[in-house]
C-alpha cells in the first residue's frame, strides 16, 4: 500500500497536506469526488504504480485532510491541487477526476492546459448542478443539515453502487465520507452548484477519455454526452452493470479501459 505524506511543511495550508503516492514514471494524478478520499484509489494505485508515478491527494476537508475547512468553489479546489503538484515539482501529468473531482480536473485543465498531457473525466459532467441527478442539490443540502454527515454519506453513497449498500466498495466510501465535517460537506455542495464548465470544453484540446457507468444516477447521459460532443479529442467508455463508482464495482474492467487509453501515449 502506498505511503501517505501528512506533513508537507513547504506547502501552504490551502493545499492538501495528505496524499498517497507510489510508483515511478509518467505522473498520473487521481482526484476524488464529494466526501471521498485518496484511500478510495488504493487498488488502482497498486495496479498502475508499476508504470506510473501515481499521486492521489486528499482534497481539503476530506480524508487525511478532514481537519481543514473545504472550499466552496471548484476553482479553489483546483488551485489547491495544483499547488500541491507544484510543491512536489510535478510539471506535466495525466489527470483523472471522478465526480466532483471531474469538475476539479476540468478546471485544472482549463487553468494549465500545457501541463495536462491527457485528461480522464470519470462519472462526471460539465455542469455542477447535475440535471436529473437522483435528487436536487438543494435537497441534499437540506437533508445534510437535518441528518448530519454520517447518515448523509450512507444515504447518498448507496446511490453510487448498483447494489446499494451491498455494493463492493460501499463500506470504504462510507468510512471516508464520515471523516468530513458538516461545514465541509455543505461547502462542497455549494462549490458544485456554482460551477459551470460548459463554455470551457472547447478549450481543452488534450487527448481525453470519458468513463461512465451505465447505471450512474448522479451524472445522467446528457451530462456525459455534453463531454463527448464538447471535447475536441475524446474517447468514450461505458462500463456496463455499474453505477457511479465503477472503479470499485468492476475494478478489472475499469483498469483495463484506463490502461488502454494511457497506452496511446
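The values are calculated or read from the model by the stated rules, or taken from the named source; none is laboratory data. Owing to the predicted nature of the structure, the values given are computational and were not obtained by experimental measurement. Because the Cβ atoms are built from the backbone with ideal geometry, glycine has one as well, and the counts that use them run over all protein chains shown.
Hey, any hits in the stretch 220-227 for a residue that's under 24 Å from residue 204 (Cα atoms) and assigned to a loop (DSSP other than H, G, I, E, B)? Checking the stretch 220-227: at least one residue is under 24 Å from residue 204 (Cα atoms) and assigned to a loop (DSSP other than H, G, I, E, B).
The set of residues from the stretch 197-220 being surrounded by fewer than 22 Cβ atoms within 10 Å (Cβ to Cβ) and closer than 13 Å to residue 124 by Cβ comprises 198, 201, 220. If only one of 183, 166 is in contact (Cβ under 8 Å) with a residue 60 or more places away in the chain, surrounded by fewer than 16 Cβ atoms within 10 Å (Cβ to Cβ) and either more than 18 Å from the chain's Cα centre (by Cα) or on the phi > 0 side of the Ramachandran plot (or both), which one is it? Testing whether each residue is in contact (Cβ under 8 Å) with a residue 60 or more places away in the chain, surrounded by fewer than 16 Cβ atoms within 10 Å (Cβ to Cβ) and either more than 18 Å from the chain's Cα centre (by Cα) or on the phi > 0 side of the Ramachandran plot (or both) leaves just 183. For the stretch 45-74, the candidate set comprises residues that are at pLDDT 95 or above, outside any loop (DSSP other than H, G, I, E, B) and in contact with a helix residue (DSSP H, G or I) (Cβ under 6 Å, 6 or more places away or on another chain); within that set, the residue that is surrounded by the fewest Cβ atoms within 10 Å (Cβ to Cβ) is 47. For the stretch 224-244, the criterion of a residue being within 14 Å of residue 168 (Cβ to Cβ), crowded, with 19+ Cβ neighbours inside 10 Å and without any contact (Cβ under 8 Å) to a residue 24 or more places away in the chain is satisfied by no position.
Only residues that are under 16 Å from residue 229 (Cβ atoms) and either modelled with pLDDT under 95 or crowded, with 24+ Cβ neighbours inside 10 Å (or both) were counted across the stretch 106-128, and they come to 5. May I ask you to verify whether residue 91 is without any contact (Cβ under 8 Å) to a residue 60 or more places away in the chain, closer than 21 Å to residue 25 by Cα, over 13 Å from the mean Cα position of the chain (by Cα) and not in a helix (DSSP H, G or I)? Yes; evaluated as a whole, the condition is true for this residue.
Residues in the stretch 133-165 that are in contact with a helix residue (DSSP H, G or I) (Cβ under 7 Å, 6 or more places away or on another chain) and not in a helix (DSSP H, G or I): 4 in all.
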